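Since every read-out is calculated from the coordinates, none of them should be taken as a lab result. In this text, all values refer to a predicted model and were calculated from it rather than measured experimentally. Backbone-built Cβ (ideal geometry, glycine too); neighbour counts: all protein chains shown.
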Amino acid sequence: MRQPSNEDITKAFDKNAHHYDRWMNFFERYIADGARAWAVSMAHGAVIEIGVGSGLNLPMYGPKVKHVTGFDLSEEMLAIARRRVAEKRIDRMELHHGDAQALDLPSESADTVISTFTFCTIPDPLAASREAYRVLRPGGVFVLAEHGRSTRPFVRTAMRALEPLSIRISADHITRDPVPYLTSAGFTITEVQRGGPGGIIFRVLARKHDTAS
């Protein structure tokens, strides 16, 4: 199966940007089981958000967060995020065109990296995991809310059958499990929760090794 490139992902999200929030509202209402709010609540300090998209997370960051730097491949999605920031008068935010697989950031510059329903589209999730590890300070945390393969065999079978279509239409790997990529990048997994219909929603906390411990 041909894997989508950055160009494919950009094209898909540019095309669908103006429908994205409506789709996500439906998905989160009926499937995502509060995972976005949970993920944002785990963030603290200097935050890097990969795949910031239309900025749905941005109004939700609380006082524990000092600053958020968001990256996305789609300029159409970023335009919506920038309007959201302006309309809601959100401060402490920077939004950039950029690639989660090669972040234009210094090493050990963040306390939290967050990814909400983004890992499923990244062409090389191991590269993105390694970048997250690089930019986190020792003891920093990578927070993921994601969908992935079901805990139920018959649902997994149906998802595998649908996945070629979802990849072709929206660059979406619907059976991807994020956890092995994080452990391969050096993270220690401290929490994995499964929820939603058929257990397809992941809530994951992964910590970078603290050199002082």
| said: Less than 10 Å Cβ to Cβ from THR118, Lys/Arg counted +1 and Asp/Glu -1: what total charge do the surrounding residues give? | reply: -3
| remark: Computed ³J(HN,Hα) along the range 196-201: with the Karplus parameters 6.51/-1.76/1.60, θ = phi - 60°, integer Hz and x for glycine or proline, the list is x, x, x, x, 7, 9
| remark: Count of lysine pairs, the chain, Cα-Cα under 28 Å, sep. 8 or more residues or interchain, comes to 6
| request: Rounded to whole Hz and in sequence order, give me ³J(HN,Hα) for the range 22-37 from the Karplus expression 6.51 cos²θ - 1.76 cosθ + 1.60, θ = phi - 60°, writing x for Gly and Pro. | output: 5, 4, 5, 4, 5, 4, 6, 5, 10, 10, 6, 6, x, 5, 5, 4
| task | Over the range 109-213, calculate the relative contact order: mean separation of alpha carbon pairs under 8 Å at least 6 apart, over the residue count, as a percent. | result | 34 percent
| Extension reserve of the LEU105-ASP210 stretch, reckoned as 0.36 nm per residue once the Cα distance is removed | 35.8 nm
| query | Rg and Dmax of the chain over Cα atoms: what are they, in angstrom? | reply | 16.2, 47
| query | Distance in nm between label sites at THR175 and ARG152, each 7 Å beyond Cα in the beta-carbon direction? | reply | 1.7 nm
| task | Mind jotting down the distance between the C-alpha centroids of the range 171-213 and the range 1-80, whole Å? | result | 17 Å
